[in-house]
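This report refers to the structure that appears directly beneath it.
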Amino acid sequence: MEFRATMTEKTQILHDRLMQRSLTDRSSEWILQRELPDIAEKHRNEAVMVRRARAIDAMLKAMTDEEISKRTLTTHISDEDLLLGSLTMGSNGLGKVFPNYLTEDEKRAGSITNRGSLSLLGHNSLNYTKLVNYGLKKVIDECVEKEAGNIAFCKDSLLEENHVITHQKHFYQSVRIACQAVIDYASRLADIAENQANSINNRERAEELLEMARIARMVPKYGAETFREALQSIWFYHVALHSSMNLISFGRLDQVLNPFLEKEKDKDKCLELFEQFIIKAAWRINLNLTPDVIVKQDHVDNNTVLGVNPYLIDQKAGVNNFLQNIIVGGLTPEGRDATNSSTYLILQAFSNVNLSTPGIYVRLGQKSPRSLIHKIAEVWQRTKNNPAIINDDIMVPAMKNALSQNIDHMTKEKEIEIQRTANDFCVDGCWEPILNGQSDWTFAMLNGLTSLECALNGGAMLTNDTELLRGAKKAPTTPIPRNFDELMDTFESQMGFFIDQSVISLFLYYMIDEYSCPSPLLSAYLEGCMEKGRDKSWGGTTYNIGGVILSGVPNVVNTLSAIKTWVYPERGKGKYELSTVIQALKDNFECPDHEIVTRELYNNIKTDFSMKTAYFGTHDKQADKLTERVLDIYKGCVDRSAKFAKRVFQDKPKEDEMAEIVSLRSISGYYGLSLEEKFGEFNMKITAGLGTFEQYNWMGRESAASADREKGAPLAPNFTPVSGTATQGLGGILGSLSKCHLERFAAGVITDTCLEVEQADIHHLADLVQTFIKYKGGMMTLAIGDRNLYQEIYDKTRIAQELNSTERYNELLKEYAGVNVRIGGWQTPFITLPLSHMANYVDRPTGIK
């Protein structure tokens, strides 16, 4: 299906207005904490999840308050608008403002686990099909019925029946309050649209406003009947979720919207509506990142964390990360190709509008039509970085294998159910694969170089600080390896230690959210929650998935390859002693000028390691074998840790194991029932993935030098060669990926690639898509770049930030506002990146070969 390749006049005006506004100081558009009621103070005797629902209602009321919205623009209706509702300011990097609903004692207690009201991120996708087809009233009616006493008690739980029933009643009460809050929000916007219609002389626009008001009174309260109503229903709910700190993905919108699109005669109008949908989703973009302006918008709290690990996030890199992705293509639950008319409409809308957010992913595989591959190439050529692609031939089997964990007797019916669920996977707000409206997902991250340093240095980091003797002690002491096999064995031991910590943390943190950040609005459309009467934070979803994400694998492989080549070659004696290499890495290949012999030795090691070693992603036999071995070690460690953690924290202990299990839980700091005893039916799936998100700069700060980088320098981004080392081009990268057996990694494996502009013709781009699928890549982003342009922007951005002037910032950088690049699992305007990220991009563009 062909769609127009330019925006309409209305959409162009909205697009240009957004870009102009994004270059201004937007700090005044934030809702202020003092403008929000203290829900904890007013309702302190109510359950936390009920207080949270009341906070959602209070937030939506503040967004439509006549005085507040004059500044925040959350009720503003432009003359060109076709959809109602605007998002409040906020992002992953800037944080969020939301009514307080936790008591002071609850916040004090939560300080030890780093959990609080702001601890939510975008690791879910809800069932929008149910929302648009039936509406919120159906959910509210169900809650009313359940609250009246018709609650199904979970008989398998060892918790007291009264406790479970009380929790269920609180859950249904909170869902009812939250859903009604969204209906009321839409109704207030309908009033505003009607008032505006009655105050203007333009009859055509007045009728348009009255139609917008009619739709707002219908959806999301009731089911949608048209494409426009379905889109408006989704948008209202998305605004409510994101404004209440549930920064989540849109999910598989082409599957949700296509039944409505097929009934429409005016497909061009539908395209215009979706273009405006994208612009509304991008409303919060901040392009003016002069220091004073951006610091005024820093609303990140101490317990706004990624996954379950309390570490600093790279805030500036995440300023324009809103954790909202759209997924198209792929398979139907039955396993047929899911490409439809809405797939092409959505891709065309992204091509026309070409903004940095929301992101879009296309699922592809052997069943995908050639026309879809051509469309991807066409959109790539125009946008220079959209969409990202996912290989269903890898990720569907990976998800199926993950969902099959711990099922001793697989019936045919269960196998079919699992296959259907795997076929329907989508992506969260970043790049991690999740289940479409059926799962709660959380994760832990670890740096692979930490395991390698500890393996080289007896459990200590390669810290060049004499007061720490041999280095910072991060792991159990292990012998210094005497050969390469011992090094790999020790590396596996150290990797296992850190993965044990990560996997156990997933279980320990998992159930804390019940008491700090439940999500009644999200849980209303997550499969399992309404049926069980449990919030997602209390084990309500059908599937619970904990992912372990390993970062820095390319750096680990490159360093191991250098050690194997120059310290432990297969034949003869190595050129360097391991102890010398360890000291060189500690010293960052630097030594005092007067130590001429050592300086020359360090220079030789650095040259051999960085320029004469087989590296990851070059399709080199040694590097590829080492990559396979590192991935085998990693996956084996994850599987062993999962088995241990499930025995201790999930399974109901056998009588003769009770004392041991209770003791093990106590050592870990957990004293409660197992998850199975607590909920009756609960089976957490532990998955493995490979990536860094945008954290590759910050994660590298704690690491000593490695073969391919200096001390403190960035890690390789995601599962991607170090910038400037892809000597065999994209062909070499894909050749290496083909040997990695990526179908083992259900938590996702994303490779970030960059292509020179002159090689980005449609023929080459279409071939690249097909080659990626053929060579068994997992997930891939592409930025079509020009290193000279990147360098030019880098130089001007450095000047603009030093001047710290909005006027000068715009003067220097306005012309580059439309240059977007991929970072982590999303794309961002290049001018907003930290300088260290920009520098990393300068060396990325490569050839096809």
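Would you say Gly847 is open to solvent by 10 Å² or more (accessible area, probe 1.4 Å), closer than 30 Å to Leu742 by Cα and at pLDDT below 85? Yes. You will find that of Ser233, Ser249, the residue that is at pLDDT below 95, of a type in the set (S, T, N, Q) and crowded, with 23+ Cβ neighbours inside 10 Å is Ser249 and no other.
Please verify whether the stretch 602-613 includes one or more residues that are surrounded by 15 or more Cβ atoms within 10 Å (Cβ to Cβ), more than 16 Å from Val722 (Cα to Cα) and of a type in the set (A, V, I, L, M, F, W, C). Yes, the stretch 602-613 has at least one match.
Using the structure shown, decide if Lys635 is open to solvent by 20 Å² or more (accessible area, probe 1.4 Å) and touching a strand residue (DSSP E or B) at 6+ places or on another chain (Cβ under 8 Å). It is true that Lys635 is open to solvent by 20 Å² or more (accessible area, probe 1.4 Å) and touching a strand residue (DSSP E or B) at 6+ places or on another chain (Cβ under 8 Å). Annotation note: Cβ proximity below 8 Å between a residue of the stretch 419-432 that is in contact (Cβ under 8 Å) with a residue 24 or more places away in the chain and within 17 Å of Lys685 (Cβ to Cβ) and a residue that is buried (at least 24 other Cβ atoms within 10 Å of the Cβ) and of a type in the set (D, E, K, R) (sequence gap 6+ or interchain) occurs for Asp424/Arg252; Cys426/Arg252. I'd like the full set of residues that are at positive phi and touching a strand residue (DSSP E or B) at 6+ places or on another chain (Cβ under 9 Å), limited to the stretch 322-336. Hits for the stretch 322-336 are Leu323, Gly329, Gly330. For the stretch 539-554, the criterion of a residue being in a loop (DSSP other than H, G, I, E, B) and farther than 24 Å from Ala642 by Cβ is satisfied by no position. Filtering the stretch 366-403 to residues that are part of a loop (DSSP other than H, G, I, E, B) and either modelled with pLDDT of 95 or more or surrounded by 21 or more Cβ atoms within 10 Å (Cβ to Cβ) (or both) leaves Ser368, Pro369, Lys384, Asn385, Asn386, Pro387.
Every residue in the stretch 813-835 that is surrounded by fewer than 19 Cβ atoms within 10 Å (Cβ to Cβ) and either of a type in the set (S, T, N, Q) or closer than 19 Å to Gly712 by Cα (or both), please. Matches in the stretch 813-835: Leu835 only.
When the stretch 24-50 is filtered for residues that are out of contact with any Lys or Arg (no Cβ under 8 Å at 6 or more places or on another chain), part of a helix (DSSP H, G or I) and surrounded by 15 or more Cβ atoms within 10 Å (Cβ to Cβ), the ones remaining, listed by number, are Glu35, Val48, Met49, Val50. When the criteria are applied in full, Met1 meets the requirement of being part of a loop (DSSP other than H, G, I, E, B), open to solvent by 50 Å² or more (accessible area, probe 1.4 Å), more than 30 Å from Arg176 (Cβ to Cβ) and of a type in the set (A, V, I, L, M, F, W, C).
Has the stretch 419-426 got at least one residue that is outside any helix (DSSP H, G or I), closer than 18 Å to Thr332 by Cα and touching a Gly at 6+ places or on another chain (Cβ under 7 Å)? Give the derivation first.
First, pick out the residues of the stretch 419-426 that are outside any helix (DSSP H, G or I): 424-426.
Filter again for closer than 18 Å to Thr332 by Cα, leaving 424-426.
Narrowing the set further to residues that are touching a Gly at 6+ places or on another chain (Cβ under 7 Å) leaves 426.
Yes: one or more hits.
Which one is modelled with the highest pLDDT, of the residues in the stretch 583-607 that are among the basic types (Lys, Arg) and more than 14 Å from Ile563 (Cα to Cα)? Residue satisfying both the conditions and the ranking: Lys586.
A single member of Ser117, Ser111, Ser125 is at pLDDT below 85 and open to solvent by less than 70 Å² (accessible area, probe 1.4 Å), and it is Ser117. Residue pairs whose Cβ atoms lie under 6 Å apart, separated by 6 or more positions or on different chains, with the first residue in the stretch 96-114 and of a type in the set (S, T, N, Q) and the second open to solvent by 30 Å² or more (accessible area, probe 1.4 Å), are Asn100/Asp38; Thr103/Arg44; Thr113/Ile512; Asn114/Pro310.
Of all the residues that make up the stretch 212-237, how many are of a type in the set (A, V, I, L, M) and farther than 20 Å from Glu262 by Cβ?
Within the stretch 212-237, the subset of a type in the set (A, V, I, L, M) is 212-213, 215-216, 218-219, 224, 230-231, 234.
Okay, now just the ones that are also farther than 20 Å from Glu262 by Cβ, so 212-213, 216, 218.
Number of matching residues: 4.
Among the conditions (1) open to solvent by 20 Å² or more (accessible area, probe 1.4 Å); (2) of a type in the set (Ser, Thr, Tyr); (3) in a strand (DSSP E or B), Thr687 misses just one, which is (1).
In the stretch 193-203 there is at least one residue that is among the hydrophobic types (A, V, I, L, M, F, W, C), open to solvent by less than 40 Å² (accessible area, probe 1.4 Å) and without any contact (Cβ under 8 Å) to a residue 24 or more places away in the chain. Residues of the stretch 136-156 include none that is at pLDDT 85 or above and under 20 Å from Phe98 (Cβ atoms).
Looking only at residues in the stretch 484-518 that are modelled with pLDDT of 95 or more and of a type in the set (D, E, K, R), which one is surrounded by the fewest Cβ atoms within 10 Å (Cβ to Cβ)?
Asp485
Flag: Phe649 does not match the condition of being of a type in the set (Phe, Trp, Tyr) and part of a loop (DSSP other than H, G, I, E, B).
For residues that are more than 16 Å from the chain's Cα centre (by Cα) and of a type outside the set (D, E, K, R), scanning just the stretch 411-445, find the one that is surrounded by the fewest Cβ atoms within 10 Å (Cβ to Cβ).
Restricting attention to the stretch 411-445, the residues satisfying the condition of being more than 16 Å from the chain's Cα centre (by Cα) are 411-424, 438.
Going one step further and asking which of them are of a type outside the set (D, E, K, R), we end up with 411, 416, 418-419, 421-423, 438.
Working: Thr411: 9, Ile416: 12, Ile418: 19, Gln419: 20, Thr421: 20, Ala422: 25, Asn423: 21, Gln438: 22.
For the stretch 411-445, the residue satisfying everything is Thr411.
Out of all the residues in the stretch 591-601, which are surrounded by fewer than 17 Cβ atoms within 10 Å (Cβ to Cβ) and either in contact (Cβ under 8 Å) with a residue 24 or more places away in the chain or not hydroxyl-bearing (Ser, Thr, Tyr) (or both)? If you could, list the steps in order and put the result at the bottom.
Step one: filter the stretch 591-601 for residues surrounded by fewer than 17 Cβ atoms within 10 Å (Cβ to Cβ), giving 592-600.
Those that are surrounded by fewer than 17 Cβ atoms within 10 Å (Cβ to Cβ) and either in contact (Cβ under 8 Å) with a residue 24 or more places away in the chain or not hydroxyl-bearing (Ser, Thr, Tyr) (or both): Pro592, Asp593, His594, Glu595, Ile596, Val597, Arg599, Glu600.
Each row is one residue, and each column tells you yes or no for (1) crowded, with 24+ Cβ neighbours inside 10 Å; (2) touching a residue at least 60 places away in the same chain (Cβ under 8 Å); (3) on the phi < 0 side of the Ramachandran plot; (4) touching a His at 6+ places or on another chain (Cβ under 6 Å).
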{"residue": "Arg701", "(1), (2), (3), (4)": "no, no, yes, no"}
{"residue": "Ala704", "(1), (2), (3), (4)": "yes, yes, yes, no"}
{"residue": "Gly724", "(1), (2), (3), (4)": "no, yes, no, no"}
{"residue": "Leu730", "(1), (2), (3), (4)": "yes, yes, yes, no"}
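Among residues of the stretch 555-566 that are closer than 8 Å to Ala707 by Cβ, those with a Cβ under 7 angstrom from a residue that is among the charged types (D, E, K, R), sequence gap 6+ or separate chain, pair up as Asn555/Asp708; Asn555/Arg709; Asn558/Asp708.
Anything in the stretch 79-107 that is part of a loop (DSSP other than H, G, I, E, B), closer than 15 Å to Ala281 by Cα and polar (S, T, N, Q)? List them, or say none.
Filtering the stretch 79-107 down to residues part of a loop (DSSP other than H, G, I, E, B) leaves 79-90, 92-94, 96-103.
Checking the rest, the ones that are also closer than 15 Å to Ala281 by Cα come to 81-90, 92.
Residues satisfying the conditions are Ser86, Thr88, Asn92.
The values are calculated or read from the model by the stated rules, or taken from the named source; none is laboratory data. Keep in mind that this is a model prediction, so the values were computed, not measured. No Cβ is skipped: glycine too gets one built from the backbone with ideal geometry, and neighbour counts run over all protein chains shown. Surface areas here come from the heavy atoms of the whole protein model, side chains and all, with no ligands, DNA or RNA. Shrake-Rupley method; radii C 1.70, N 1.55, O 1.52, S 1.80 Å.
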